[in-house]
Each structure stands twice: as structure tokens, then as C-alpha cells.
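The values are calculated or read from the model by the stated rules, or taken from the named source; none is laboratory data. Please read these numbers as outputs of a predicted model, since none were measured by experiment. Every residue, glycine among them, receives a Cβ derived from its backbone with ideal geometry; neighbour counts consider all protein chains shown.
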């Protein structure tokens, strides 16, 4: 027995010497931790393997002892007091799905990836307690490993029980429930869950922000068994599994958190000097889809977003740009949405029919562990500072859609359910896609009549694009060539590599807050005022309103995003022009009223354009006038006679039909109309 102990001791000493040698080899990276003054050291497993197989094998087979030995070596070398080693860059062979964890993996180092479903509060836990014997004064320390608090069984002087607790060592701990990621599932499998215990520096406030429910993380840890107590007081023969985390690596970062090295910065600044940078970024968006240059430009602006401002009176104005795509079937709306959700950190993709209001915003659920109510965040909260892509917006339940209103304008989500009153932040850009009611788009009809969306929601989008599928020989040939080439070569790469693209956006969002110059203000003001006050011949006296103040805000946001793309601190006249061009393109597609030959905002969000509304009002006035002459029942011929010369016959019929739909009039018998008494 003594021989075995001796052997174990010499093995430990050997490993400590080996670890110290490794530190000399690994000095540069260790220096970072020492300079930061933290006791946490990130240890690259691959570098350790290169240097010493013994240490790395020991970590895999006997992780707890091996890590303790390395931490001991740190203390002995005097580099860092009370060191904690966190492993990174482990081999792929250690990655395992939650469903495949078995008892043979117990006490081994494993790596799992998944989404956090629940996170308990951070609470202190005793790891070591010191007791004093009242009889002889001996001090004994007892490690606290199980859930039950342990006292020393007896003292060397023969005393049993009644020991005095002098001190106890506490660490912060937290319990996470991690569910495997949906991509790894096949067929109709249910995702499996596992408990993860995290402690010490992994529950620091900064780290805890990244382990909120809904975050995607990679966990490196040791698989442990947890005894299950029976109601009788004994222990069950069945054990629960849990992972004691050694390190947690967040898989999603917001643009603000992306790490940018000096080399990256050099590439980013080089890219920004290119006068074609905007066009190149636009080309990198969905390279598998041909055309749609304006839409791709708008999507780039959306990624960069405007500047969020807090006014002196405390009012906030949002910087996020919301875009709505409405289009015929088969114009690659969903592909675009999927691509954007992937390229944006914290991007979320949801589909209308299967998204509920709670799934989009937040919901209150019963928490079986804490015996109370807890909040579970939905897609818009999880994508805070990211992007939410909502497909098939028109198929969503109207009650659920109303949950989006607050998130899109106020950028918060308020929950008042059970005893939970909370306001959550949802600074999210929304990219939504919808299909027209009758399958295809009809340019002569106002938009609001063609999609099942309330005007209030349509109005919240800064830019609306209609994707039309119109046969055109030249265009069709180019699309066909593009699609066939894609299949031949399994797709083109992005024009600007994906990682550089993301880092470029991140750099702009972290460092640049452009301000409007007088030139840009002048340009936007002129466009806005000119467009609103265009001379227009309207018989009804009801002037069409081309754009409203909401579109003015959108113009400013897009101009700011354009300046961010050039990494410029100032919004110049050129940026304002880019934003105006996009706005014109959008208004031309969506808000052009062919009758009055001018833009009309009511075609976008209202049920009727103003020229139509003027005709309806004229018809209504005639009906009211005739009622006083001919009585309650008014013959249609009389109405037509009154309106002769002012309106076409078809227009009169349409106006009367619209009045009938809105309930203003009804037909008591054929050929006659009456006003509704209400």
C-alpha cells in the first residue's frame, strides 16, 4: 500500500515538473492572464499535446486529478495564486451528443454543444469547512462534496460529534439545463437535456450574460453521477447524470462582442478604402440568387443599422432598420431570410404559422425547481442586438402579430403575467417576408388590400420591397444560367469572405457613430419637402400624402448606415443620396398612385389611395344630398345622373361597392340604395 502511495506521489511530482516545463514553452499566452490580473488561465489543449503527451493523456483519462496537478504547478511556480485552468481547443473526438452519453463516459472529459433552456440563480455553495474539537482543540477540515453538509465523524482524541464550526469556504454555483441543438436531431427525435453545474469564474456577471436561456454554448466538462435520494431516506440504485463544467464557450456573439485582432483591423481598413465597398458587400449577400441589387443593398444597410439616440428628455429613437419583402411565390424570399439569420450573430429565423406571440416575445412558465414563476425569452428578446427573420408574416395569428408592434417601435417587450412584471430589451432589426393574398402581386391595387396585415404593422417597416416574377427573356436567361452554374459548382463563395464580412460589420458597429452633416440634412429635407408638396391635380380636393414623418426617420437611419459602411464619422450628401435612391425605388414600386400620377403613402398602409378615397367621399356626399330630396330609398340612376361628367360609370359602381362593404349604405331592393341608420 505504501509502495502504491509512493508511486502515486512520484507520478504527481513528475507531472508537476512536466507542467512547469510546459509553462516556459507557453509563456506568451500565460502572460496575457497574468497582465489582466485574473487567476483564470485558458489552456490550449492542442498546444499541450504538442508539448507533452503525458499531460494531455492524463487530462483525458483522469481529468480531475490532472487539472488539480496543473493548478498546483502554477502555484508552486509562483506565477498565479489560486489558479484555475480552463481548457480550450479540445479535439473533435471528444465532442459527443447528449443522447449518446453513457456510463462509460463517467469521470471523463467530454464536450457537448447545445442551447440553454433554463438557468437557476447563482447561489453560494460550501466546498470546504473547518471544525474545532472542543476537547483537545484540534482543527479538522472536511471537504464538502455531496449535497448533505458533512461534519467530521470523530477526532483523534476519541470525541464523536459536537464539533464547533470555525470557518467555511464558499464558491458561487449555478445550475443550467442544456438541450441539444435542433440541427443534430434526425427525424422525429425529441431533444435530450442534461444538467450542467458551473461555478466560480464561470458565473461572473459578465459570463452570466452569455448563459441566459436561449443562448447557444459549447460546454467542456467532466461527466459526474448524482445520487438520487429515495423517499425512504436511502439512495436509489439509479443515478442522474450531470456535467461539472470546466469551461463554457458562447457560440453566438453580438457584433459588439466579436473579437477583432490587429490583422483583422488592417484588412477592414483596407476594405473600407475601396470606393466600391458598398457594392461588394451587397454582392456578398445571398450570392446564390441573381439580381435584386436594391434589395441586397438595403439588407447590407440593415446589418449595419443606424445610430440609436437617447434624446435629452429621455426619449429613445431606434437605430434598427426594419424591412418587409412581399412577393410572388418562388422569388427566393425564404433563402434570403435564412442567409441573413445565419450571417448576423444572434440571428433568429421564425416561420409565421408556427410562431406564437409567446415564442416571439416572452412567456412566463412554472419553474419546477424554484417553485415559482420564471420568464422564458422568445426569439425577439434572444436576438437583442441581432436580427429576427420572420417568414410568412401574413399567416401568423393576428393576436400574436400584435406582440411585434411594441418590439419594433419601442424596442422593449413588456410582460405582465402571474406575479411577473418585466420589461425586456429587444433592440432587434426585423426582416419579414409575406405573400400576397391571391398568390400573385397586382401592381394596380394598394398593398394593404393584397396582404393580410394591419396598416399599423405595415407602417412600422422602414422599407417595403415587392418581388415580382415577370417573364422577361434576357433576365430569365441570366437567372437560368446563374442557377445552373450554382448547381454545377455547388455555389459561389461570398464576394467578401464570411468571417471578414462579419468582422467588418462588427468593427463599424463598435467604433463608428456617424453624425449628420449640414449637406446631408439639406439633401434629405429638400427631398422630403418637395415630395410632400408636389403640385397635383386632384378633383376631390383630397391631396395624396406621398410620405410621412416615419419615412423621414427611415431616410436618416439608412443614411447613417451608409456612412458606417465607409467607416466615416460624418453622414455626407452622398450617403443621403444613397438612402433617397432606395426610398424612391421603394415608393415607385409600392406607393405610386397611377391615377393621380404621384406617390401616395396611403397606398402602402391604408385601404384606399387618396384619389380613390376622394371618389368614395364624393359618392357619399351625393347620396346624403339625394336623401333629403327623394327620401330614404335612392334609385341608382339618380346617383349616376348627379355624378355624370365627374366620374366614369365604372368608378361610380366601384365607389358604391366600397361604401356597401364598409357598411355606410345597403340595398333594400334591386336598383336602390339606402343609408345605414347607424
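Looking at this structure, is residue 64 modelled with pLDDT of 80 or more and surrounded by fewer than 18 Cβ atoms within 10 Å (Cβ to Cβ)?
Yes, satisfied.
Please go through segment 63-95 and pick out each residue that is assigned to a helix (DSSP H, G or I), touching a helix residue (DSSP H, G or I) at 6+ places or on another chain (Cβ under 7 Å) and either over 16 Å from residue 39 (Cα atoms) or not assigned by TED's automatic domain parsing to the domain that holds residue 53 (or both).
Result: 66, single match.
Can you tell me which residue among 314, 330 is more than 15 Å from the chain's Cα centre (by Cα) and touching a residue at least 60 places away in the same chain (Cβ under 8 Å)?
Result: 330 is the single residue among 314, 330 that is more than 15 Å from the chain's Cα centre (by Cα) and touching a residue at least 60 places away in the same chain (Cβ under 8 Å).
Determine which member of the set 495, 501 is assigned to a helix (DSSP H, G or I) and either at pLDDT below 80 or closer than 23 Å to residue 323 by Cα (or both).
After applying the criteria, what remains is 501.
Only one residue in 223, 258 is surrounded by 17 or more Cβ atoms within 10 Å (Cβ to Cβ) and either modelled with pLDDT of 80 or more or in contact with a strand residue (DSSP E or B) (Cβ under 7 Å, 6 or more places away or on another chain) (or both), so which one is that?
It is 223.
Checking the structure you have, find out if any residue of segment 130-145 is within 25 Å of residue 201 (Cα to Cα) and at pLDDT 85 or above.
Within segment 130-145, one or more residues are within 25 Å of residue 201 (Cα to Cα) and at pLDDT 85 or above.
If you go through segment 511-532 one residue at a time, how many are within 16 Å of residue 566 (Cβ to Cβ) and either out of contact with any helix residue (DSSP H, G or I) (no Cβ under 6 Å at 6 or more places or on another chain) or exposed (fewer than 15 other Cβ atoms within 10 Å of the Cβ) (or both)?
Filtering segment 511-532 for residues within 16 Å of residue 566 (Cβ to Cβ) gives 511-517, 519-520.
Okay, now just the ones that are also either out of contact with any helix residue (DSSP H, G or I) (no Cβ under 6 Å at 6 or more places or on another chain) or exposed (fewer than 15 other Cβ atoms within 10 Å of the Cβ) (or both), so 511, 513, 515-517.
Counting residues in segment 511-532 that are within 16 Å of residue 566 (Cβ to Cβ) and either out of contact with any helix residue (DSSP H, G or I) (no Cβ under 6 Å at 6 or more places or on another chain) or exposed (fewer than 15 other Cβ atoms within 10 Å of the Cβ) (or both) gives 5.
Residue-by-condition table, conditions (1) touching a helix residue (DSSP H, G or I) at 6+ places or on another chain (Cβ under 8 Å); (2) at pLDDT 80 or above:
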site	(1), (2)
312	no, yes
332	no, no
360	yes, no
371	no, no
374	no, no
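Which pairs turn up if I take residues in segment 264-288 that are over 17 Å from residue 304 (Cα atoms) and look for partners that are assigned to a loop (DSSP other than H, G, I, E, B) and at pLDDT below 80 with beta carbon separation below 9 Å, at least 6 apart in sequence or on another chain?
Short answer, once both residue conditions are applied: 287/491; 287/492; 287/493; 287/494; 287/495; 288/332; 288/491; 288/492.
Determine whether segment 232-250 contains at least one residue that is in a helix (DSSP H, G or I) and either assigned by TED's automatic domain parsing to the domain that holds residue 41 or crowded, with 20+ Cβ neighbours inside 10 Å (or both).
Checked against the condition, which is being in a helix (DSSP H, G or I) and either assigned by TED's automatic domain parsing to the domain that holds residue 41 or crowded, with 20+ Cβ neighbours inside 10 Å (or both), segment 232-250 yields no hits at all.
For segment 586-678, give me every one of the helices (runs of 4 or more DSSP H) that falls completely inside it and has 2 or more residues that are closer than 25 Å to residue 464 by Cβ and either in the same structural domain as residue 463 (by TED's automatic domain parsing) or modelled with pLDDT under 75 (or both).
Per the criteria, 602-605, 610-630.
Among the candidates 192, 206, which residue alone is out of contact with any helix residue (DSSP H, G or I) (no Cβ under 9 Å at 6 or more places or on another chain) and surrounded by fewer than 18 Cβ atoms within 10 Å (Cβ to Cβ)?
Working: 192 fails: out of contact with any helix residue (DSSP H, G or I) (no Cβ under 9 Å at 6 or more places or on another chain).
When all the criteria are applied, what remains is 206.
From the list 118, 125, exactly one residue is in contact with a strand residue (DSSP E or B) (Cβ under 8 Å, 6 or more places away or on another chain) and closer than 30 Å to residue 155 by Cα. Which is it? Before you say what the answer is, go through the steps one by one.
Working: 118 fails: closer than 30 Å to residue 155 by Cα.
Exactly one residue qualifies, and that residue is 125.
Return the residue satisfying two criteria in turn: it lies in segment 415-432 and is loosely packed, with under 14 Cβ neighbours inside 10 Å and closer than 16 Å to residue 379 by Cα, and of such residues it is farthest from the chain's Cα centre (by Cα).
Here the answer is 423.
Considering only segment 417-441, how many residues are in contact (Cβ under 8 Å) with a residue 60 or more places away in the chain and not in a loop (DSSP other than H, G, I, E, B)? Step through it out loud before you land on a result.
So the first thing to find is which residues in segment 417-441 are in contact (Cβ under 8 Å) with a residue 60 or more places away in the chain, and the list is 422, 424, 426-436, 439-441.
Filter again for not in a loop (DSSP other than H, G, I, E, B), leaving 422, 424, 429-434.
So the count comes out to 8.
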